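Heads up: the structure comes next, in structure tokens.
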Amino acid sequence: MKFIKTLAIVGLSLFSFFSHAKPSGQIQIRSELASPIILENSQDKNYLKVSLTGVKFESDKRIPINLALVIDRSGSMSGNRIEKAREAAILAINMLNEDDTISVVAFDSDAEIIIPATKVTNKQRLINQINNNVTARGGTALFAGLSKGINQVKKQLSKDKVNRIILLSDGQANVGPSSVGELSELAVIAAKKNIAITTFGIGADYNEVLMSTIASYSDGNHVFVDNTLDLENVFVREFKDVMSVVAQDVVINIQLKEGVKPVRLLGRDGSIKDNQVTVKMNQLYSNQEKYLLLEVIPSKGNTGEDKTLAQIELKYDNLLTNETENETQQVKIGYTNKPEVVKDSVIEDVVAETEIQKVTLENEKALEMYNAGDKAAAQKMLEDNRNRLMSISASMSSDSSEAKARLSQQASKNKAMAAAIETTDEKVYRKQSTEMQYDSKQSKILK
């Protein structure tokens, strides 16, 4: 309500600022600035948020899945871990139907295709193959396993399917290519084919940087499974995501107008070339918002004037209609000589997400301090960041309940990370912190 009153005061068009939120097929796109009205002739940093929300659809209309399970069966997986891995793989088989495709790759000192890409028609035969072949032995040829998994998904690759890999490992890659850079190249290859890779790290000995990076490059999920008894629950949560995909190969192009300068992207990776910004999201889920934040320096303007700050072009594959859809919209910015008008026009939801992403970047520095042995400094930074979020939340209006809740949620993460420094094993702490960081950087909000 305060924004509408503000627009009336400065004489700007209501339509100019609210025409930017509307559904496009399976996606509702909304673009808004943290400060849609700024002081005349000023060039303070501003933040453009472009959010995409997948619309709700009936579960019986879900999209067919093309899934590869890539399972570590090295010696360190022996005992309860390999047993639970088999049970999780069998659970996956039972959750799929005859319209879906499954492949299973197991890796030790080499990689073996246990089940080549096939329709899920004879479940008992597939289950028998898993029980007979997923047994612990040898080293950890993670590169070979992931390569074969990607190749199996590629054999049934289709724009009308959800193309996914679930990679499960408990150890360090020690056979074949093993660096973060080498494994990331595979993730990039998968992403270019619109294949998302979700990584499950089991126990405290896997390389959390490697596993989270693989997931990040392909826009998949990353989960730390400390207790193997939780593995089936983790699979169920993952399948809820996989079974709710409504769009993929989502590309957002932002063309900033003359005089507007891009500074940096927050939360998501993308390319910035001159005044053109491009961000890709591999998949979008029903009832979930994914967003990008772009820090910009607006062009100068005069009181009462409103200008187009950016033109946004959205392109994606609608999985329910099997068609490519496009949307174009503009974001405007207004100018005033009244500071109180600027203050009243602030969109607090955008401010909240901006602060969350800034704190997430600061938390990465805290983790670096922790890894360098300066635990006290790391703890202080995490606590300072928490206090900053709580202070911003307290300054917001009572109307911004969702923004305040989001800030409180991130503040709680910071509190937990700070407290755990004194009580948690170092290996476990690194995994927990990496998972929390990954979750925050994904820039997603459940609806």
Whichever lysines have a C-alpha closer than 19 Å to that of K240, once near sequence neighbours (fewer than 8 apart) are set aside:
K56, K61, K161, K290, K444, K447
Gaussian network model of the chain, Cα springs within a sub-10 Å range: biggest mean-square fluctuation belongs to which of S398, S412, S169?
S398
Which order do peptides 307-319, 253-265 fall in by mean Cβ count within 10 Å, highest first?
307-319, 253-265
Expressed as a percent, the portion of alpha-carbon pairs in segment 364-447 spaced more than 16 Å apart is 53
Extension gain, R125 back to T303 (0.36 nm per residue minus Cα-Cα distance, nm)
56.9 nm
Quick one: accessible area per residue over segment 182-249, 1.4 Å probe, rounded to a whole number of Å²?
33
Nearest 0.05, what FRET efficiency do E185 and V251 give at R0 = 25 Å with Cβ-Cβ as r?
0.70
What whole-number value in Å² describes the accessible area per residue of segment 261-358 for a 1.4 Å probe?
40
Rg to Rh, two decimals, where segment 96-249 supplies the alpha carbon set and Rh follows Kirkwood
0.93
Along Cα→Cβ, 7 Å out, is where each label goes; now give me the distance between the ones at Q330 and S178 in nm to one decimal.
5.7
Once the Cα atoms of segment 315-375 are picked out, what are the Rg and Dmax in Å?
20.6, 54
Apply the Debye scattering formula to the chain, with a single equal point scatterer on each alpha-carbon and no solvent, then give log10 I(q)/I(0) at q = 0.06, 0.07, 0.09, 0.11 Å⁻¹.
-0.29, -0.39, -0.63, -0.90
For K273 and R137, extending 7 Å from Cα along the Cα-Cβ vector and measuring point to point gives, in nm, a value of 4.9
Using helices alone, I'd like the mean residue ellipticity at 222 nm for the chain: each DSSP H run of four-plus residues gives -39500 (n - 2.57), total over residue count, nearest 500.
-13000 deg cm²/dmol
When the chain is treated as a Gaussian network with springs between alpha carbons less than 10 Å apart, the largest mean-square fluctuation among L142, L186, L292 is found at L186
Segment 379-419 versus segment 131-186: alpha-carbon centroid distance in Å
38
Would you mind giving the three semi-axes, in whole Å and largest first, of the ellipsoid equivalent to segment 249-339 according to its Cα gyration tensor?
29, 14, 12
How much accessible area per residue does segment 390-447 have, in Å², with a 1.4 Å probe?
51
Share of accessible surface on carbon and sulfur in the chain, whole %, 1.4 Å probe and ligands ignored, is 47
Two-site FRET efficiency, K159 against E364, from Cβ-Cβ distance with R₀ of 30 Å, rounded to 0.05:
0.30
Of the listed peptides 363-373, 45-55, what is their order by residue-averaged count of other C-beta atoms within 10 Å, with the highest listed first?
45-55, 363-373
Hey, could you get me the Stokes-Einstein D for segment 302-444, Kirkwood radius over alpha-carbon pairs, 37 °C and 0.692 mPa s, rounded to whole µm² s⁻¹?
182
Contour minus Cα-Cα distance for Q43 and L229 (0.36 nm per residue)
61.6 nm
Can you pull the Rg over Rh of segment 90-178, Cα-only, Kirkwood?
0.97
Using only the alpha-carbon atoms, how far is helix 208-218 inclined from the longest principal axis of the chain? Give it as 0 to 90 degrees, nearest 10.
70
Picking from K413, K273, K380, which is most flexible by a Gaussian network model of the chain using Cα springs under 10 Å?
K273
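The values are calculated or read from the model by the stated rules, or taken from the named source; none is laboratory data. Keep in mind that what you see is a predicted model, and the values were worked out from it rather than measured. Cβ sites come from the backbone with ideal geometry, for glycine too, and all protein chains shown count toward neighbours. Remember, those area values only see protein heavy atoms, side chains included, never the ligands or the DNA or RNA. Shrake-Rupley method; radii C 1.70, N 1.55, O 1.52, S 1.80 Å.
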